[in-house]
Amino acid sequence: VFLNGSSLPAELFMEVPVPGMGAKVLAEYENTYAAGAPAATLRALGKGKVIYWGTTFSKAAVLGLMDLLDLRVPYEDLITVPKGVTVVMRAQEEKRYLFVLNYLNERVTPELKCPLRLLTGFGGIVDSLELPPFGTAVLEV
């Protein structure tokens, strides 16, 4: 798959999306029977966008799409976590929340880049966070 100037692998399967009305081709297949055919399309729909990716995702493909669409991790300025720890951001009206989940059987210390309000445990404003094995925390941004 040729995406944004880079070649990415198309593994396991390849579907060839047919760009519908208003859809833009984001990527094309290369070096296969489908060379030159669309591999990914983008279409505006309502307030959002729909992306059709015609093959399996790889980390390189996700990073390439994020770069192409100028997307970033919404919490990268707030917290850094080690491998094995997941962060999910949710929003309700004007408030944003971080759900931090430790999937490891060991204590971890995510790096908070600014003070945040801890809503779990003893709560309050914190500038550091420690999660027990398989622990969770909810932070208000």
Next on the checklist: Considering only segment 54-77, I want to know if a residue exists there that is part of a loop (DSSP other than H, G, I, E, B), surrounded by 13 or more Cβ atoms within 10 Å (Cβ to Cβ) and of a type in the set (Val, Ile, Thr).
Outcome noted: no
Checklist entry - Do you know which residues across segment 32-53 are over 17 Å from the mean Cα position of the chain (by Cα) and loosely packed, with under 11 Cβ neighbours inside 10 Å? => result 33, 35, 36, 45, 46, 47
Checklist entry - If you go through segment 86-99 one residue at a time, do you hit one that is aromatic (Phe, Trp, Tyr), modelled with pLDDT under 90 and either more than 14 Å from the chain's Cα centre (by Cα) or open to solvent by 100 Å² or more (accessible area, probe 1.4 Å) (or both)? => result no
Checklist entry - Restricted to segment 100-122, and to residues that are at pLDDT 95 or above and among the polar types (S, T, N, Q), which residue is surrounded by the most Cβ atoms within 10 Å (Cβ to Cβ)? => result 102
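Among the residues of segment 100-131, how many are of a type in the set (Val, Ile, Thr) and outside any loop (DSSP other than H, G, I, E, B)?
If we filter segment 100-131 for residues that are of a type in the set (Val, Ile, Thr), which is where we start, we get 100, 108-109, 120, 125-126.
Those left that are additionally outside any loop (DSSP other than H, G, I, E, B): 100, 108, 125-126.
Here the count works out to 4.
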Checklist outcome for this item: Result of the Cβ filter at 8 Å on segment 90-116, keeping first residues that are free of Cβ contacts under 8 Å to residues at least 24 places away in the same chain and partners that are open to solvent by 100 Å² or more (accessible area, probe 1.4 Å), at least 6 apart or interchain, is 109/130; 115/125; 115/127
Checklist entry - Quick one: residue 125 ticks every box in (1) surrounded by 11 or more Cβ atoms within 10 Å (Cβ to Cβ); (2) at negative phi; (3) out of contact with any Asp or Glu (no Cβ under 9 Å at 6 or more places or on another chain) bar one, so which box is it? => result (1)
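The values are calculated or read from the model by the stated rules, or taken from the named source; none is laboratory data. Bear in mind the structure is a predicted one, so any value in this text is a computation, not a measurement. Cβ sites come from the backbone with ideal geometry, for glycine too, and all protein chains shown count toward neighbours. All accessible areas refer to the heavy atoms of the entire protein, side chains included, with ligands and DNA or RNA removed. Shrake-Rupley method; radii C 1.70, N 1.55, O 1.52, S 1.80 Å.
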